[in-house]
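The values are calculated or read from the model by the stated rules, or taken from the named source; none is laboratory data. A quick note: this is a predicted structure, and the numbers were derived from the prediction, not measured. Positions of Cβ are generated from backbone atoms using ideal geometry, with glycine treated the same way; all protein chains shown enter the neighbour counts. To get the accessible areas, we keep the full protein, side chains included, count just its heavy atoms, and leave off ligands, DNA and RNA. Shrake-Rupley method; radii C 1.70, N 1.55, O 1.52, S 1.80 Å.
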Amino acid sequence: PAGAPGPQPPTTPCDIPVGYPEGHPALLAVERCGSVRSSSSGDSDAAAALWAAARKWPDGTAHALSVVLRSRGRTLGAATFLRGPSRRPFDRVDATYAEDVAARVAASVDLAAAVRA
């Protein structure tokens with residue numbers, strides 16, 4: 001997300017720090033345990049900028065793909081891939097690849113947490 005780095009106050013009953021509004025693609029990916037594709041539907045640059053800003057993404061973002069990070073049956077978070085307006089929207093092939101990357105990242109994070117504990 002855009003903005004200042006650092007922890008966000010917990011906004012969910014499970015005390016996971018979340019800085020996104022309800023209905024955000026990353027939250028939907030966690031809720032659905034799958035990937036969520038999203039694109040700006042605005043015809044103008046101003047509409048696309050508002051769309052990106054509402055989701056706390058950098059200016060120039062036109063397409064997004066959020067995937068859940070899960071390891072050993074636990075949800076660790078979400079990863080979001082972004083594209084600008086000159087690139088094509090994410091498709092199912094991109095989602096499949098992103099899900100594979102997310103599984104590897106989640107396994108690495110889970111292993112690092114287990115080794116540190």
* To do: For residue 104, state whether it is open to solvent by 70 Å² or more (accessible area, probe 1.4 Å), under 19 Å from residue 34 (Cα atoms), without any contact (Cβ under 8 Å) to a residue 40 or more places away in the chain and not hydrophobic (A, V, I, L, M, F, W, C).
  => yes
* **Qualifying position, being open to solvent by 60 Å² or more (accessible area, probe 1.4 Å) and at pLDDT 90 or above, among 88, 83** => 88
* Based on what the data block shows, is residue 98 in a helix (DSSP H, G or I), buried (at least 19 other Cβ atoms within 10 Å of the Cβ) and not charged (D, E, K, R)? -> yes
* Could you tell me whether the stretch 45-61 includes any residue that is surrounded by 19 or more Cβ atoms within 10 Å (Cβ to Cβ), within 16 Å of residue 94 (Cα to Cα) and either in contact (Cβ under 8 Å) with a residue 60 or more places away in the chain or in contact with an Asp or Glu (Cβ under 9 Å, 6 or more places away or on another chain) (or both)? => no
* Could you say whether any residue in the stretch 71-78 is of a type in the set (Ser, Thr, Tyr) and not in a strand (DSSP E or B)? -> no
